[in-house]
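The block underneath contains the structure these notes are about, expressed in C-alpha coordinates.
The values are calculated or read from the model by the stated rules, or taken from the named source; none is laboratory data. Keep in mind the model is a prediction, meaning the values are calculated, not measured. No Cβ is skipped: glycine too gets one built from the backbone with ideal geometry, and neighbour counts run over all protein chains shown. Side chains included, ligands, DNA and RNA excluded: accessible areas come from the protein's heavy atoms. Shrake-Rupley method; radii C 1.70, N 1.55, O 1.52, S 1.80 Å.
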Number of protein chains: 2
Amino acid sequence: MSSSKHHDHKRCVTSALENAAAICSSRGLRLTPLRRQILELVWHSHRPLGAYSLMEMLAEHSGRKLVAPPTVYRTLDFLVEHGLIHRVHTLNAFVGCSHPAGPHSDVLFICRECQTASEVHSPQVYKAIHICAAEQQFKVVQQMLEVVGICAGCAARKP
Amino acid sequence: MSSSKHHDHKRCVTSALENAAAICSSRGLRLTPLRRQILELVWHSHRPLGAYSLMEMLAEHSGRKLVAPPTVYRTLDFLVEHGLIHRVHTLNAFVGCSHPAGPHSDVLFICRECQTASEVHSPQVYKAIHICAAEQQFKVVQQMLEVVGICAGCAARKP
DNA sequence: CCACGTTATGTTATTATATAACATTGGCAA
DNA sequence: TTGCCAATGTTATATAATAACATAACGTGG
Ligand SMILES: [Zn+2]
Ligand SMILES: [Zn+2]
Ligand SMILES: [Zn+2]
Ligand SMILES: [Zn+2]
(Lines give C-alpha, C1' and ligand atoms only; values in the text may rest on other atoms or scores of the structure.)
(Ligands and ions follow the chains in the order given, each with its own letter.)
Protein backbone atom coordinates (compact mmCIF):
# COMPACT_ATOMS: atom_id res chain seq x y z
CA MET A 1 0.00 0.00 0.00
CA SER A 2 0.96 3.68 -0.33
CA SER A 3 3.53 5.20 -2.60
CA SER A 4 7.26 5.47 -2.54
CA LYS A 5 7.09 8.76 -0.69
CA HIS A 6 6.26 8.13 2.95
CA HIS A 7 3.05 9.83 3.78
CA ASP A 8 -0.17 9.21 5.61
CA HIS A 9 -1.92 7.44 2.80
CA LYS A 10 -5.12 6.88 4.75
CA ARG A 11 -5.64 10.58 4.45
CA CYS A 12 -5.38 10.32 0.65
CA VAL A 13 -8.09 7.69 0.70
CA THR A 14 -10.50 9.36 3.06
CA SER A 15 -10.00 12.65 1.34
CA ALA A 16 -10.64 11.06 -2.07
CA LEU A 17 -13.82 9.43 -0.80
CA GLU A 18 -15.04 12.62 0.78
CA ASN A 19 -14.34 14.59 -2.38
CA ALA A 20 -16.16 12.01 -4.44
CA ALA A 21 -19.17 12.12 -2.17
CA ALA A 22 -19.28 15.89 -2.33
CA ILE A 23 -18.87 15.99 -6.10
CA CYS A 24 -21.51 13.35 -6.74
CA SER A 25 -23.89 15.05 -4.36
CA SER A 26 -23.43 18.43 -5.97
CA ARG A 27 -23.87 17.02 -9.46
CA GLY A 28 -26.79 14.77 -8.72
CA LEU A 29 -24.77 11.59 -9.28
CA ARG A 30 -25.14 8.42 -7.26
CA LEU A 31 -22.06 7.20 -5.50
CA THR A 32 -23.37 3.66 -5.06
CA PRO A 33 -21.67 1.09 -2.83
CA LEU A 34 -20.03 -0.55 -5.84
CA ARG A 35 -18.70 2.74 -7.16
CA ARG A 36 -17.50 3.71 -3.74
CA GLN A 37 -15.77 0.37 -3.16
CA ILE A 38 -14.02 0.45 -6.52
CA LEU A 39 -12.95 4.04 -6.03
CA GLU A 40 -11.51 3.05 -2.67
CA LEU A 41 -9.66 0.13 -4.25
CA VAL A 42 -8.24 2.33 -6.99
CA TRP A 43 -6.93 4.52 -4.20
CA HIS A 44 -5.36 1.52 -2.51
CA SER A 45 -2.05 3.02 -3.52
CA HIS A 46 -0.64 5.51 -5.97
CA ARG A 47 0.09 2.74 -8.44
CA PRO A 48 -2.36 2.44 -11.30
CA LEU A 49 -4.34 -0.81 -11.13
CA GLY A 50 -5.80 -2.87 -13.96
CA ALA A 51 -9.50 -3.69 -14.19
CA TYR A 52 -8.92 -7.36 -13.52
CA SER A 53 -6.79 -6.68 -10.45
CA LEU A 54 -9.57 -4.52 -9.15
CA MET A 55 -12.08 -7.30 -9.83
CA GLU A 56 -10.06 -9.71 -7.72
CA MET A 57 -9.43 -7.21 -4.98
CA LEU A 58 -13.11 -6.44 -4.86
CA ALA A 59 -13.93 -10.09 -4.34
CA GLU A 60 -11.33 -10.45 -1.60
CA HIS A 61 -11.86 -7.25 0.30
CA SER A 62 -15.57 -6.67 0.09
CA GLY A 63 -16.72 -10.25 0.58
CA ARG A 64 -18.76 -9.55 -2.50
CA LYS A 65 -19.03 -12.34 -5.05
CA LEU A 66 -16.66 -11.97 -7.97
CA VAL A 67 -18.16 -9.39 -10.25
CA ALA A 68 -17.79 -9.80 -13.99
CA PRO A 69 -15.64 -7.58 -16.21
CA PRO A 70 -18.51 -5.52 -17.66
CA THR A 71 -19.56 -4.45 -14.19
CA VAL A 72 -16.07 -3.31 -13.31
CA TYR A 73 -15.55 -1.52 -16.60
CA ARG A 74 -18.88 0.26 -16.36
CA THR A 75 -18.03 1.45 -12.91
CA LEU A 76 -14.59 2.57 -13.99
CA ASP A 77 -16.14 4.37 -16.95
CA PHE A 78 -18.42 6.22 -14.58
CA LEU A 79 -15.52 7.24 -12.36
CA VAL A 80 -13.43 8.33 -15.36
CA GLU A 81 -16.30 10.21 -16.95
CA HIS A 82 -16.78 12.30 -13.84
CA GLY A 83 -13.11 12.89 -13.29
CA LEU A 84 -12.73 10.88 -10.10
CA ILE A 85 -10.08 8.60 -11.59
CA HIS A 86 -7.89 8.62 -14.68
CA ARG A 87 -7.28 5.93 -17.21
CA VAL A 88 -3.57 5.33 -17.75
CA HIS A 89 -3.20 4.15 -21.31
CA THR A 90 0.50 3.44 -20.97
CA LEU A 91 -0.29 0.75 -18.40
CA ASN A 92 -3.86 -0.24 -19.30
CA ALA A 93 -4.75 0.76 -15.79
CA PHE A 94 -6.53 3.26 -13.58
CA VAL A 95 -5.40 5.67 -10.90
CA GLY A 96 -7.21 8.05 -8.57
CA CYS A 97 -7.37 11.68 -9.56
CA SER A 98 -5.73 13.89 -7.00
CA HIS A 99 -7.87 16.96 -7.66
CA PRO A 100 -11.18 15.67 -8.99
CA ALA A 101 -12.92 19.04 -8.91
CA GLY A 102 -10.44 20.73 -11.23
CA PRO A 103 -10.12 21.03 -14.99
CA HIS A 104 -7.94 17.93 -15.51
CA SER A 105 -5.15 19.27 -17.65
CA ASP A 106 -2.25 17.51 -16.14
CA VAL A 107 0.91 15.57 -16.56
CA LEU A 108 1.09 12.08 -15.11
CA PHE A 109 4.61 11.06 -14.24
CA ILE A 110 4.82 7.27 -14.20
CA CYS A 111 7.79 5.59 -12.56
CA ARG A 112 8.81 2.51 -14.47
CA GLU A 113 10.53 1.12 -11.39
CA CYS A 114 7.87 1.41 -8.70
CA GLN A 115 4.86 2.17 -10.94
CA THR A 116 3.92 5.15 -8.84
CA ALA A 117 1.98 7.67 -10.88
CA SER A 118 1.93 11.26 -9.73
CA GLU A 119 -0.27 13.83 -11.24
CA VAL A 120 1.10 17.34 -11.63
CA HIS A 121 -0.83 20.36 -12.70
CA SER A 122 1.42 22.55 -14.81
CA PRO A 123 0.03 25.67 -16.44
CA GLN A 124 3.24 25.98 -18.42
CA VAL A 125 2.89 22.56 -20.01
CA TYR A 126 -0.78 23.15 -20.55
CA LYS A 127 -0.05 26.43 -22.30
CA ALA A 128 2.74 24.98 -24.43
CA ILE A 129 0.53 22.13 -25.60
CA HIS A 130 -2.31 24.43 -26.49
CA ILE A 131 -0.07 26.81 -28.39
CA CYS A 132 1.33 23.87 -30.29
CA ALA A 133 -2.18 22.58 -30.95
CA ALA A 134 -3.36 25.97 -32.12
CA GLU A 135 -0.55 26.09 -34.65
CA GLN A 136 -1.88 22.86 -36.11
CA GLN A 137 -5.46 24.16 -35.82
CA PHE A 138 -6.05 21.16 -33.63
CA LYS A 139 -8.80 21.29 -31.05
CA VAL A 140 -7.80 19.51 -27.88
CA VAL A 141 -10.56 17.45 -26.36
CA GLN A 142 -8.90 15.42 -23.72
CA GLN A 143 -5.57 15.92 -22.17
CA MET A 144 -3.69 13.67 -19.79
CA LEU A 145 -0.08 13.55 -20.73
CA GLU A 146 1.68 10.39 -19.62
CA VAL A 147 5.40 10.61 -19.11
CA VAL A 148 7.41 7.51 -18.24
CA GLY A 149 10.67 7.66 -16.31
CA ILE A 150 12.26 7.22 -12.91
CA CYS A 151 10.86 8.91 -9.83
CA ALA A 152 13.02 10.68 -7.26
CA GLY A 153 12.66 7.90 -4.72
CA CYS A 154 13.76 5.16 -7.08
CA ALA A 155 16.60 7.27 -8.45
CA ALA A 156 17.85 7.73 -4.87
CA ARG A 157 17.62 4.02 -4.07
CA LYS A 158 19.46 2.99 -7.21
CA PRO A 159 22.58 5.17 -7.51
CA MET B 1 -5.26 5.38 -47.90
CA SER B 2 -3.56 8.68 -47.10
CA SER B 3 -4.56 11.20 -44.50
CA SER B 4 -7.21 13.85 -44.29
CA LYS B 5 -4.87 16.45 -45.74
CA HIS B 6 -4.45 15.89 -49.45
CA HIS B 7 -0.86 15.18 -50.22
CA ASP B 8 1.26 12.87 -52.25
CA HIS B 9 1.32 10.04 -49.79
CA LYS B 10 3.45 7.80 -51.95
CA ARG B 11 6.25 10.19 -51.19
CA CYS B 12 5.70 9.69 -47.47
CA VAL B 13 6.03 5.94 -47.98
CA THR B 14 9.06 5.92 -50.23
CA SER B 15 10.76 8.48 -48.06
CA ALA B 16 10.05 6.42 -44.94
CA LEU B 17 11.43 3.29 -46.56
CA GLU B 18 14.53 5.08 -47.79
CA ASN B 19 15.13 6.61 -44.37
CA ALA B 20 14.72 3.21 -42.74
CA ALA B 21 17.16 1.61 -45.14
CA ALA B 22 19.71 4.34 -44.49
CA ILE B 23 19.30 4.19 -40.73
CA CYS B 24 19.53 0.41 -40.58
CA SER B 25 22.53 0.42 -42.82
CA SER B 26 24.34 3.03 -40.78
CA ARG B 27 23.59 1.24 -37.53
CA GLY B 28 24.33 -2.26 -38.71
CA LEU B 29 20.71 -3.37 -38.45
CA ARG B 30 18.99 -5.70 -40.85
CA LEU B 31 15.93 -4.37 -42.62
CA THR B 32 14.64 -7.80 -43.56
CA PRO B 33 11.76 -8.31 -46.02
CA LEU B 34 9.31 -8.85 -43.17
CA ARG B 35 10.41 -5.71 -41.39
CA ARG B 36 10.30 -3.75 -44.58
CA GLN B 37 6.85 -5.02 -45.47
CA ILE B 38 5.42 -4.25 -42.05
CA LEU B 39 7.00 -0.82 -42.03
CA GLU B 40 5.42 -0.18 -45.41
CA LEU B 41 2.03 -1.34 -44.12
CA VAL B 42 2.29 0.88 -41.05
CA TRP B 43 2.87 3.73 -43.48
CA HIS B 44 -0.20 2.73 -45.46
CA SER B 45 -1.76 5.91 -44.10
CA HIS B 46 -1.30 8.35 -41.26
CA ARG B 47 -3.77 6.45 -39.15
CA PRO B 48 -2.27 4.25 -36.48
CA LEU B 49 -2.89 0.56 -37.16
CA GLY B 50 -3.25 -2.30 -34.70
CA ALA B 51 -1.03 -5.36 -34.77
CA TYR B 52 -3.85 -7.62 -35.87
CA SER B 53 -4.86 -5.33 -38.72
CA LEU B 54 -1.28 -5.37 -39.86
CA MET B 55 -1.28 -9.17 -39.68
CA GLU B 56 -4.27 -9.36 -41.98
CA MET B 57 -2.98 -6.73 -44.35
CA LEU B 58 0.30 -8.56 -44.55
CA ALA B 59 -1.46 -11.74 -45.57
CA GLU B 60 -3.52 -9.95 -48.20
CA HIS B 61 -0.91 -7.67 -49.71
CA SER B 62 2.22 -9.71 -49.60
CA GLY B 63 0.76 -13.07 -50.61
CA ARG B 64 2.62 -14.29 -47.58
CA LYS B 65 0.86 -16.85 -45.42
CA LEU B 66 -0.81 -15.38 -42.35
CA VAL B 67 1.91 -14.76 -39.83
CA ALA B 68 1.18 -15.30 -36.16
CA PRO B 69 0.94 -12.55 -33.55
CA PRO B 70 4.38 -13.10 -32.02
CA THR B 71 6.02 -12.54 -35.37
CA VAL B 72 4.19 -9.28 -35.91
CA TYR B 73 4.83 -8.04 -32.40
CA ARG B 74 8.52 -8.88 -32.59
CA THR B 75 8.81 -6.98 -35.81
CA LEU B 76 6.91 -4.03 -34.41
CA ASP B 77 9.13 -4.10 -31.33
CA PHE B 78 12.16 -3.89 -33.56
CA LEU B 79 10.75 -0.94 -35.46
CA VAL B 80 9.76 0.84 -32.25
CA GLU B 81 13.08 0.14 -30.59
CA HIS B 82 14.95 1.78 -33.42
CA GLY B 83 12.60 4.71 -33.70
CA LEU B 84 11.15 3.87 -37.10
CA ILE B 85 7.59 3.73 -35.78
CA HIS B 86 5.81 4.79 -32.62
CA ARG B 87 3.45 2.86 -30.42
CA VAL B 88 0.25 4.77 -29.79
CA HIS B 89 -0.98 3.65 -26.39
CA THR B 90 -4.21 5.61 -26.63
CA LEU B 91 -5.27 3.42 -29.57
CA ASN B 92 -3.28 0.23 -29.00
CA ALA B 93 -1.78 0.85 -32.38
CA PHE B 94 1.32 1.84 -34.31
CA VAL B 95 2.16 4.71 -36.61
CA GLY B 96 5.19 5.60 -38.71
CA CYS B 97 7.65 8.08 -37.28
CA SER B 98 7.97 11.13 -39.45
CA HIS B 99 11.56 11.90 -38.51
CA PRO B 100 13.16 8.62 -37.50
CA ALA B 101 16.66 9.99 -37.24
CA GLY B 102 15.78 12.59 -34.62
CA PRO B 103 15.56 12.54 -30.84
CA HIS B 104 11.86 11.59 -30.62
CA SER B 105 10.56 14.14 -28.16
CA ASP B 106 7.30 14.93 -29.75
CA VAL B 107 3.62 15.48 -29.41
CA LEU B 108 1.27 13.20 -31.28
CA PHE B 109 -2.04 14.85 -32.09
CA ILE B 110 -4.65 12.14 -32.60
CA CYS B 111 -7.92 13.05 -34.28
CA ARG B 112 -10.80 11.17 -32.73
CA GLU B 113 -12.86 11.64 -35.87
CA CYS B 114 -10.55 10.47 -38.65
CA GLN B 115 -7.87 8.79 -36.47
CA THR B 116 -5.12 10.68 -38.24
CA ALA B 117 -2.10 11.03 -35.99
CA SER B 118 0.33 13.82 -36.69
CA GLU B 119 3.61 14.11 -34.97
CA VAL B 120 4.85 17.57 -34.06
CA HIS B 121 8.22 18.44 -32.72
CA SER B 122 7.85 21.24 -30.22
CA PRO B 123 10.86 22.46 -28.26
CA GLN B 124 8.54 24.55 -26.11
CA VAL B 125 6.50 21.56 -24.99
CA TYR B 126 9.63 19.52 -24.56
CA LYS B 127 11.14 22.22 -22.38
CA ALA B 128 7.99 22.72 -20.32
CA ILE B 129 7.73 19.00 -19.62
CA HIS B 130 11.34 18.74 -18.60
CA ILE B 131 11.12 21.74 -16.30
CA CYS B 132 8.04 20.22 -14.73
CA ALA B 133 9.83 16.88 -14.39
CA ALA B 134 12.88 18.51 -12.86
CA GLU B 135 10.71 20.11 -10.20
CA GLN B 136 9.54 16.63 -9.22
CA GLN B 137 13.11 15.33 -9.51
CA PHE B 138 11.69 12.96 -12.09
CA LYS B 139 13.99 11.59 -14.74
CA VAL B 140 12.22 11.31 -18.08
CA VAL B 141 13.06 8.15 -19.96
CA GLN B 142 10.59 8.00 -22.76
CA GLN B 143 8.43 10.73 -24.08
CA MET B 144 5.68 10.58 -26.66
CA LEU B 145 2.86 12.78 -25.58
CA GLU B 146 -0.49 11.73 -27.01
CA VAL B 147 -3.14 14.40 -27.30
CA VAL B 148 -6.64 13.50 -28.44
CA GLY B 149 -8.91 16.00 -30.19
CA ILE B 150 -10.27 17.14 -33.52
CA CYS B 151 -7.97 17.88 -36.43
CA ALA B 152 -8.33 20.95 -38.63
CA GLY B 153 -9.76 18.96 -41.53
CA CYS B 154 -12.49 17.31 -39.46
CA ALA B 155 -13.32 20.57 -37.69
CA ALA B 156 -13.81 22.20 -41.12
CA ARG B 157 -16.02 19.37 -42.37
CA LYS B 158 -18.20 19.37 -39.29
CA PRO B 159 -19.12 22.96 -38.50
C1' DC C 1 33.04 -25.31 -48.90
C1' DC C 2 31.70 -26.60 -43.93
C1' DA C 3 30.67 -26.27 -39.06
C1' DC C 4 29.12 -23.27 -35.84
C1' DG C 5 27.10 -19.51 -33.16
C1' DT C 6 23.81 -15.85 -33.67
C1' DT C 7 19.78 -13.64 -35.25
C1' DA C 8 15.31 -13.89 -37.30
C1' DT C 9 11.16 -16.16 -38.08
C1' DG C 10 7.72 -19.90 -37.38
C1' DT C 11 4.39 -22.51 -34.33
C1' DT C 12 1.32 -23.63 -30.63
C1' DA C 13 -0.81 -22.39 -26.72
C1' DT C 14 -2.16 -19.26 -23.37
C1' DT C 15 -2.83 -14.95 -20.88
C1' DA C 16 -4.57 -10.29 -20.54
C1' DT C 17 -7.72 -6.63 -21.67
C1' DA C 18 -12.21 -5.05 -23.18
C1' DT C 19 -16.96 -5.08 -25.06
C1' DA C 20 -21.65 -6.81 -26.97
C1' DA C 21 -26.11 -8.21 -25.95
C1' DC C 22 -29.52 -9.19 -23.08
C1' DA C 23 -31.62 -10.14 -18.18
C1' DT C 24 -32.60 -8.58 -13.64
C1' DT C 25 -32.76 -5.53 -9.87
C1' DG C 26 -33.60 -1.35 -7.21
C1' DG C 27 -34.64 3.56 -6.50
C1' DC C 28 -37.87 6.95 -7.31
C1' DA C 29 -41.75 9.61 -8.76
C1' DA C 30 -46.39 10.16 -11.08
C1' DT D 1 -48.82 1.00 -7.08
C1' DT D 2 -47.22 1.09 -11.31
C1' DG D 3 -44.09 2.14 -14.41
C1' DC D 4 -39.84 4.22 -15.84
C1' DC D 5 -34.96 4.60 -15.75
C1' DA D 6 -30.53 3.90 -13.94
C1' DA D 7 -27.55 0.38 -12.06
C1' DT D 8 -25.98 -4.09 -11.80
C1' DG D 9 -25.84 -9.02 -13.17
C1' DT D 10 -24.88 -12.73 -16.73
C1' DT D 11 -23.12 -15.05 -20.69
C1' DA D 12 -20.49 -15.03 -24.43
C1' DT D 13 -17.14 -13.15 -27.30
C1' DA D 14 -13.88 -9.88 -29.29
C1' DT D 15 -9.44 -7.86 -29.21
C1' DA D 16 -4.57 -7.36 -27.75
C1' DA D 17 -0.27 -9.34 -26.14
C1' DT D 18 3.06 -12.82 -24.55
C1' DA D 19 5.32 -17.47 -23.18
C1' DA D 20 7.82 -21.25 -24.61
C1' DC D 21 9.84 -23.81 -27.78
C1' DA D 22 11.08 -25.19 -32.90
C1' DT D 23 13.09 -24.15 -37.24
C1' DA D 24 15.36 -21.46 -40.69
C1' DA D 25 18.54 -17.97 -42.47
C1' DC D 26 22.75 -15.38 -42.01
C1' DG D 27 27.49 -14.59 -41.48
C1' DT D 28 32.11 -15.81 -39.86
C1' DG D 29 36.26 -18.49 -38.89
C1' DG D 30 38.33 -22.68 -40.34
ZN1 LIG E 1 -1.32 8.61 -0.74
ZN1 LIG F 1 9.61 5.00 -8.53
ZN1 LIG G 1 1.51 10.88 -46.04
ZN1 LIG H 1 -9.55 14.31 -38.27
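Here are the numbers for this structure:
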quantity	calculated
First in segment B:8-37 and part of a helix (DSSP H, G or I) and surrounded by fewer than 17 Cβ atoms within 10 Å (Cβ to Cβ), second anywhere and at pLDDT below 95 and of a type in the set (Gly, Ala, Ser), Cβ under 6 Å, 6 or more apart	B:His9/B:Ser2
Tally of residues being open to solvent by 60 Å² or more (accessible area, probe 1.4 Å), of a type in the set (A, V, I, L, M, F, W, C) and in a strand (DSSP E or B) across segment B:130-155	1
All positions within segment B:77-125 that are more than 14 Å from chain A (Cβ to nearest Cβ), within 25 Å of A:Val125 (Cβ to Cβ) and either surrounded by fewer than 19 Cβ atoms within 10 Å (Cβ to Cβ) or in contact with a helix residue (DSSP H, G or I) (Cβ under 6 Å, 6 or more places away or on another chain) (or both)	B:Gly83, B:His99, B:Gly102, B:Pro103
Conditions (1) within 21 Å of A:Glu146 (Cα to Cα); (2) more than 16 Å from ligand 1 (Cβ to nearest atom); (3) among the charged types (D, E, K, R); number of the one not met by A:Glu60	(1)
Among (1) within 17 Å of the chain's Cα centre (by Cα); (2) under 23 Å from B:Leu17 (Cα atoms); (3) among the β-branched types (Val, Ile, Thr) - the single one B:Thr90 does not satisfy	(2)
Matching residues in segment A:130-151 - criterion: being in contact (Cβ under 8 Å) with a residue 24 or more places away in the chain and at the interface with chain B (Cβ under 7 Å from one of its Cβ atoms)	A:Gln143, A:Leu145, A:Val147, A:Val148, A:Gly149, A:Ile150, A:Cys151
